[in-house]
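The values are calculated or read from the model by the stated rules, or taken from the named source; none is laboratory data. What you see is a predicted model, and the numbers here were worked out from it, not measured in a lab. For neighbour counting, all protein chains shown are included, and Cβ atoms are generated from backbone atoms with ideal geometry for every residue, glycine included.
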Amino acid sequence: MGNSTSKSADSTAVSPPAGERPELSILEAIREALFEEMGRDERVMVLGMDVGRLGGVFRVTRGLMERYGPDRVVDTPLAEASIVGASLGLAIGGMVPVAEIQFLGFTHQAFHQIGPQLARYRFRSRGRFNAQVTIRAPFGGGVRTPEFHPDAIEAQFSQAPGVKVVCPAFPDDAKGLLLEAIRDPDPVLYLEPQRLYRSIRGPVPAGDHTVPFGSSRLVRDGKDVVLIAWSAAVHLCLAAADQLALDGVEAAVLDLRSIVPLDVEGLVAAVQKSGKAVVVHEAPLTGGFGAEVIATIQQEAFGSLDAPIRRVAARDTPYPPGSLEDHYLPSVRRIVAAARETVAY
Amino acid sequence: MGNSTSKSADSTAVSPPAGERPELSILEAIREALFEEMGRDERVMVLGMDVGRLGGVFRVTRGLMERYGPDRVVDTPLAEASIVGASLGLAIGGMVPVAEIQFLGFTHQAFHQIGPQLARYRFRSRGRFNAQVTIRAPFGGGVRTPEFHPDAIEAQFSQAPGVKVVCPAFPDDAKGLLLEAIRDPDPVLYLEPQRLYRSIRGPVPAGDHTVPFGSSRLVRDGKDVVLIAWSAAVHLCLAAADQLALDGVEAAVLDLRSIVPLDVEGLVAAVQKSGKAVVVHEAPLTGGFGAEVIATIQQEAFGSLDAPIRRVAARDTPYPPGSLEDHYLPSVRRIVAAARETVAY
Amino acid sequence: MLDVEGRISGSSPMSRGQVLEALRLMLLSRAVDDRLIKLQRMGRVGVYGPVHGQEAAVIGSAMALDPQRDWMVPASREHPAMLRHGLPLKNMFATYMGNFEAAAIPDGVRLLPRQQSIGAQLPHAAGLAWALKLRQVRGVVAVYFGEGASSEGDFHEASNLAGVMRVPLVMLLINNHYAISTPASRQSAAPSLARRAEGYGFPGFEVDGNDLLAVYATTLEAVNRALAGEGPTLIECRTYRMGFHNTSDNPKEYREPSEVAEAERRDPIERVRRYATAEGLWSTEQEATTMDEIRAEIDAAQAQVEELPRPGAASIFKHVYASLSPRLEQQRAEAIDEST
Amino acid sequence: MLDVEGRISGSSPMSRGQVLEALRLMLLSRAVDDRLIKLQRMGRVGVYGPVHGQEAAVIGSAMALDPQRDWMVPASREHPAMLRHGLPLKNMFATYMGNFEAAAIPDGVRLLPRQQSIGAQLPHAAGLAWALKLRQVRGVVAVYFGEGASSEGDFHEASNLAGVMRVPLVMLLINNHYAISTPASRQSAAPSLARRAEGYGFPGFEVDGNDLLAVYATTLEAVNRALAGEGPTLIECRTYRMGFHNTSDNPKEYREPSEVAEAERRDPIERVRRYATAEGLWSTEQEATTMDEIRAEIDAAQAQVEELPRPGAASIFKHVYASLSPRLEQQRAEAIDEST
Ligand SMILES: Cc1ncc(C[n+]2csc(CCOP(=O)(O)OP(=O)(O)O)c2C)c(N)n1
Ligand SMILES: Cc1ncc(C[n+]2csc(CCOP(=O)(O)OP(=O)(O)O)c2C)c(N)n1
Ligand SMILES: [Mg+2]
Ligand SMILES: [Mg+2]
């Protein structure tokens, strides 16, 4: 898994000589995917605020403009709806846009262009047009960002049929899901775990590497309970599993990787093993995607459930200032407690 | 209950002489609440597209402008985000705005002003300011409306802590929940079941009448299974219960009335009675609020559940043209089938 | 250029053939309005919003485009422009007669679907024009929208982006003076919406939208600017919605008969009819023949749609994604099962 | 009115007392910038975006308002205006030092909280101004926003609504030529953003935003128009963000040193210092004394915040709603329990 947390400065994504490929951070893996795919397919372009000369506020796109020029790596005006809406038009016109929304919280400004437009254009046009558009956006808490920057609103997009929603938690998946997203003929929201950008490193296949959507990843096996999560919360679950192991509780950890489409089969299989599950997410409890996970499991595996599925989620409050976010977010401690109760049920 | 379906033209909401108060349609009940509250509290104003001279596209606000003048019943430009955002400013300035968004599907254009602004203003200002704003919006299918007009996106607002979301299904609740909403110091999304506007009539208390949020209503009792719904789907459940009764299946019907806050206690009590439940909603299955209902029930009443809780929902596709909506929406037939399977589990 | 009497000032920017083509389209448009309203009253069409009164604005602008080269992005009240641009009449009827499979825009027709979310098509059009520029494809994008739409944030963001990227976009603001019941005077305090273009760094023009020739000439100029790489143009066509907003609406509830009467005097078709007659291009006989042809065309389109199989449950699972997830496969199977 | 040498053309619209008040606020603003940047580097402040370079625009406009009568709606880089309008310095420090309870705007201060969703405050300001008009309360609303914000749909919708309703609104567009790394030239192709006001039916003015007196005079005129019931005004203050966007940003990555050097020559504080000195209102001694006072004020504000109890878990459940639902009560109990 390579969950080492070294914080070395990110190098430019140029493939090193074979045999010596270093581990990459999630940020580097995303950048590598963009570099490679823009090289492979000249229709691919990157647009968004500050993505060009600056390389994005997280420097994910650093170097891209120098390499591929300002026509394909474009700084846009400060207007999210037009970034998404224009991306749809660009796609219809034969480009393959990868739009960056600076933070997922600011997709709020573009909601009417995402669910009602991007997502429905294939359907509305009866297949005449499709929106091969990827929207990249960092999200999630734990790094003391200002208001709106950590908003975890992924569940809302699950009510917008026509888009897909994917959320990598590891460098290899970051690359593989992004390449899959860019090539997918349908619109994909690709959600980047900002708190893991530089802190999680791992091996990443060189060159072409895709991960199919709708396939979850069992990142840790265990017979007593399964912890289900996506994006940064997967790492909280791994830490919780470590702690539980000290008490002899064997917790599995399932990374959904994509929430739309959902890997129902993988989910059910993971739960059936122990009959016990905890779902963890950074979004508020009520109406979070954890509810869908539970509703699905109880529908598909009712007979195998030996305990209620608990949710460890953010509170049903607005996101507080960074200094208070630890009281708001799910924590390892809360996950461990929920898992223990579940196992003991 | 008074579920008669006479389609008589709606009368102007003037209280008739005592003792002869006729039944009101949902539309009339809403209009009566607006008339009365604007009379009672001069801070209350109505704003939105076409709400003035025309009286709204459904004529809900007909007569209000004549009665209360164009300063308090205001036709706005065609711009949803500014209707919501200005309503917040109006509230801060001492007014009590009741904004109409022509159809709930067009709140998409105002999303960034709802969850991130209206909902969070009290929190952000540490109570210095509150957003006493009601947003009224019709929604739901079954009446062959064009694209966007039937979108049932209520679940998305459940991920925006700070707003409340209420959805009456009967004339008395329509009045009582609207008066409660207008007086609530916090922002409320008040969702109107467009297909029931004129088709459902019933008794409505004259004068002041409020219904507290977070209290569900058991509209039919039954010992075999409980059908859980809100808004127009409640009436599908009632029709399904009638049909089930022919086979001797006694189905209860629970109308949640508000989804935020959720009446957890009422929900659990209703489910515990039979240990069996079906949730019905007009929104797409995946990520719909039915998921939250199920997650809550299985958490709070796991031991009493005798069968998986089924969901009868719209399909996970974009809303199709009206001529095909019957294949998309939940139907009495589907509810009956799900209830039978659940009872037989 | 054409006054209400049909007198021309200056020389016509349209050839004789173009004038005849436009007049025919205008007559077709009004006949289509009549038919679809009739079908709606019979319960065979859902909701229909007529073009009535806006024919010069919509057709004059469309005539300045080359369907083999340019793209058209409509709002929802520009059927004759869509027909001119290549949409078969049958497909248009299918749209309103509830057969969305048959309504689809055929391959090769450079036209996007109608947009019912007011203003949402504007950023799409800007993006599409941007793609043409990036790919160095010769052509322009013409986008239609109402004065109501011009109040939406999407109008602003799309205009600004189009200005910054200097894309080949022609923005056709059809100011028909109403957004449902809301008069243009309530939509904005600006005396001219065309002037907003300055705030985006490109030119804006106001034109009598009931003057076919003026609309055509102004649009052609904008198309040429765009083709020359000079970027977007905003054109405000000032016209009047003579009919109802749509078949659910009754404009008597919110506007004065005198206002409508004045608009009737300025009818865009009558002017062209007079002009063409004065030029010796048109006669009552010709009009009668043309109207017969048009009625036959409409009858045929309607009949064709009526004969088509109606889409069923399976249809709603088509084109959701390129391929269905297992969950959607299951829902599809259920839906088909339940519908039989 | 004040050139870069501090020479005035015409007579000063500000009294001597006002000039001194403004200069003191400018110096305070820059000292606050320095302190918060220092605290950020020490890990005691999260992210801070300095005012550096924009003091004349922000303070000159704020000085034209009457805090007892007018409302101020800030974006996020207008601290000195907020202080002038009645926000205690301690509360400002609390904002950045992570104590949001102590950061709240005190009762009676006619000021809305900082807005971090770019442009979202604009419709709030329009609505608030509308409320003043409806309630016939004498006063205006002044709203701040950047040239970046002027690209958002919210700017357009709020401006248009304010024009239609003719509300007492003063729109202060602080064009500091950058939105993070994006230069104003990339934000819009419009040569002047002030001109956009025409498209909403009210006047717009462009002013040298580094000229305290010009900003003051223009704002005062707009305030008087608004008070006279003549509706909104847009004022574009052209200035320059001399520092970084915020403490996470390094502008060397995207702009030339020469550009910054030129801006330094046009420093808004230096001009006022020269002018005040020439007028005999200011001296190096006075500046030294003032700086000592300012430092003491800042030390005190910081110390006060440091001494305050830190908000805990319970705090995040306060002010979610007027009262908590049972589910939130339960979450609150859990959170308090887990934090102890
Ligand atoms: C975003 C959005 N808001 C509201 C509506 C409801 N609606 C349909 S048409 C219309 C008026 C449109 O006016 P305009 O843009 O002038 O076009 P016109 O109808 O005059 O052609 C409105 C408000 C909608 N379809 N979309
Ligand atoms: C809606 C939204 N989109 C993006 C951001 C990220 N962001 C923060 S500040 C900023 C630039 C703002 O530029 P401008 O409006 O000119 O104000 P300035 O920072 O120059 O004061 C951006 C893009 C945001 N906070 N809100
Ligand atoms: Mg119109
Ligand atoms: Mg700026």
Task: Any pair with Cβ under 9 angstrom, 6 or more apart, that starts in segment B:267-283 at a residue that is in contact (Cβ under 8 Å) with a residue 40 or more places away in the chain and under 19 Å from B:Ser231 (Cα atoms) and ends at one that is hydroxyl-bearing (Ser, Thr, Tyr) and part of a loop (DSSP other than H, G, I, E, B) - done: B:Leu267/B:Ser216; B:Ala270/B:Ser216; B:His281/B:Ser231; B:Glu282/B:Ser231
- [ ] Name the one entry in C:Gly148, C:Gly86, C:Gly98, C:Gly60 that is more than 9 Å from every other protein chain (Cβ to nearest Cβ) and either surrounded by 24 or more Cβ atoms within 10 Å (Cβ to Cβ) or more than 30 Å from A:Glu42 (Cβ to Cβ) (or both).
- [x] C:Gly60
Task: Close pairs (6 angstrom Cβ cut-off, 6 or more residues apart or separate chains): among the hydroxyl-bearing types (Ser, Thr, Tyr) in segment D:184-196, away from ligand 2 (no atom under 15 Å from the Cβ) anywhere - done: D:Ser192/D:Glu206
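Just to be sure, is D:Leu161 more than 16 Å from ligand 4 (Cβ to nearest atom), in contact (Cβ under 8 Å) with a residue 12 or more places away in the chain and surrounded by 24 or more Cβ atoms within 10 Å (Cβ to Cβ)? Write out each step before concluding.
Numbers: more than 16 Å from ligand 4 (Cβ to nearest atom): yes; in contact (Cβ under 8 Å) with a residue 12 or more places away in the chain: yes; surrounded by 24 or more Cβ atoms within 10 Å (Cβ to Cβ): yes.
Judged against the criteria, D:Leu161 is a match.
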TODO: Return the total of residues in segment D:151-203 being more than 8 Å from every other protein chain (Cβ to nearest Cβ), within 26 Å of B:Val84 (Cα to Cα) and within 16 Å of ligand 2 (Cβ to nearest atom).
DONE: 6
Task: helices (runs of 4 or more DSSP H) lying entirely in segment C:113-197 (those with 2 or more residues that are in contact with a helix residue (DSSP H, G or I) (Cβ under 7 Å, 6 or more places away or on another chain) and more than 16 Å from ligand 3 (Cβ to nearest atom)) - done: C:121-134, C:153-165
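For (1) within 16 Å of ligand 4 (Cβ to nearest atom); (2) modelled with pLDDT of 95 or more; (3) among the aliphatic types (A, V, I, L, M), each residue gets a yes or a no:
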site: D:Leu169; (1), (2), (3): no, yes, yes
site: D:Ile174; (1), (2), (3): yes, yes, yes
site: D:Arg186; (1), (2), (3): yes, yes, no
site: D:Gly201; (1), (2), (3): no, yes, no
site: D:Tyr216; (1), (2), (3): no, yes, no
site: D:Ile235; (1), (2), (3): yes, yes, yes
Task: Residue among C:Pro74, C:Pro113 that alone is without any contact (Cβ under 8 Å) to a residue 60 or more places away in the chain and within 14 Å of chain A (Cβ to nearest Cβ) - done: C:Pro113
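One line per residue, one yes/no per condition, for (1) away from ligand 3 (no atom under 16 Å from the Cβ); (2) touching a Leu at 6+ places or on another chain (Cβ under 6 Å); (3) under 29 Å from C:Arg110 (Cβ atoms):
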position	(1), (2), (3)
A:Thr61	yes, no, no
A:Tyr68	yes, no, yes
A:Arg72	yes, no, yes
A:Ile92	yes, yes, yes
A:Ala99	yes, yes, yes
A:Thr107	yes, no, no
A:Pro116	yes, no, yes
Open item on the list: Just checking, does segment D:73-82 include any residue being farther than 18 Å from D:Asn175 by Cβ and assigned to a loop (DSSP other than H, G, I, E, B)?
Closed with: no
Open item on the list: Being under 21 Å from the mean Cα position of the chain (by Cα) and either without any contact (Cβ under 8 Å) to a residue 60 or more places away in the chain or within 16 Å of ligand 1 (Cβ to nearest atom) (or both) is the filter here; which residues of segment C:252-289 pass it?
Closed with: C:Ala263, C:Glu264, C:Pro268
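Quick one: which helices (runs of 4 or more DSSP H) sit completely within segment B:248-343 and have at least 3 residues that are within 12 Å of chain A (Cβ to nearest Cβ)? Show your work before the answer.
Working: elements: B:264-274, B:289-300, B:325-328.
In segment B:248-343, B:289-300 are the helices (runs of 4 or more DSSP H) which contain 3 or more residues that are within 12 Å of chain A (Cβ to nearest Cβ).
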Open item on the list: If I filter segment A:64-71 for residues that are crowded, with 24+ Cβ neighbours inside 10 Å and not in a loop (DSSP other than H, G, I, E, B), do I get at least one hit?
Closed with: no
Task: Criterion (assigned to a loop (DSSP other than H, G, I, E, B) and surrounded by fewer than 19 Cβ atoms within 10 Å (Cβ to Cβ)) met by exactly one of C:Arg255, C:Arg241, C:Arg274 - done: C:Arg255
Open item on the list: For segment B:205-224, check the following and say yes or no: at least one residue is more than 14 Å from chain A (Cβ to nearest Cβ), of a type outside the set (A, V, I, L, M, F, W, C), under 17 Å from the mean Cα position of the chain (by Cα) and in a strand (DSSP E or B).
Closed with: yes
TODO: Find the residue count for segment D:133-145, including only residues that are surrounded by 24 or more Cβ atoms within 10 Å (Cβ to Cβ) and away from ligand 4 (no atom under 16 Å from the Cβ).
DONE: 3
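Given segment A:84-192, what strands (runs of 3 or more DSSP E) lie entirely inside it while holding 2 or more residues that are buried (at least 24 other Cβ atoms within 10 Å of the Cβ), more than 14 Å from chain C (Cβ to nearest Cβ) and free of Cβ contacts under 8 Å to residues at least 40 places away in the same chain? Spell out how you get there, then give the answer.
Details: elements: A:96-100, A:134-139, A:164-166.
So the answer is none; nothing clears 2.
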- [ ] Return yes when C:Asn246 is within 16 Å of ligand 4 (Cβ to nearest atom) and not acidic (Asp, Glu) and no when it is not.
- [x] no
TODO: Please determine, by comparing only the residues of segment D:290-327 that are in a helix (DSSP H, G or I) and over 26 Å from the mean Cα position of the chain (by Cα), which one is farthest from B:Arg183 (Cα to Cα).
DONE: D:Glu307
Open item on the list: Given the criteria more than 16 Å from ligand 4 (Cβ to nearest atom), assigned by TED's automatic domain parsing to the domain that holds D:Ala62 and over 30 Å from A:Val74 (Cα atoms), does D:Gly153 qualify?
Closed with: no
TODO: Scan (1) touching a strand residue (DSSP E or B) at 6+ places or on another chain (Cβ under 7 Å); (2) more than 9 Å from ligand 1 (Cβ to nearest atom); (3) not polar (S, T, N, Q) for the single condition C:Ala179 breaks and write down its number.
DONE: (2)
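Scan C:Val305, C:Val260, C:Val320 and give me the residue that is away from chain A (no Cβ under 14 Å) and surrounded by 19 or more Cβ atoms within 10 Å (Cβ to Cβ).
C:Val305
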Task: Among the residues listed as D:Glu334, D:Glu297, D:Glu307, D:Glu329, the single one being closer than 30 Å to D:Leu20 by Cα and modelled with pLDDT of 95 or more - done: D:Glu297
Task: Output for segment D:1-45, where each listed residue is over 26 Å from D:Tyr275 (Cβ atoms) and buried (at least 22 other Cβ atoms within 10 Å of the Cβ) - done: D:Leu36
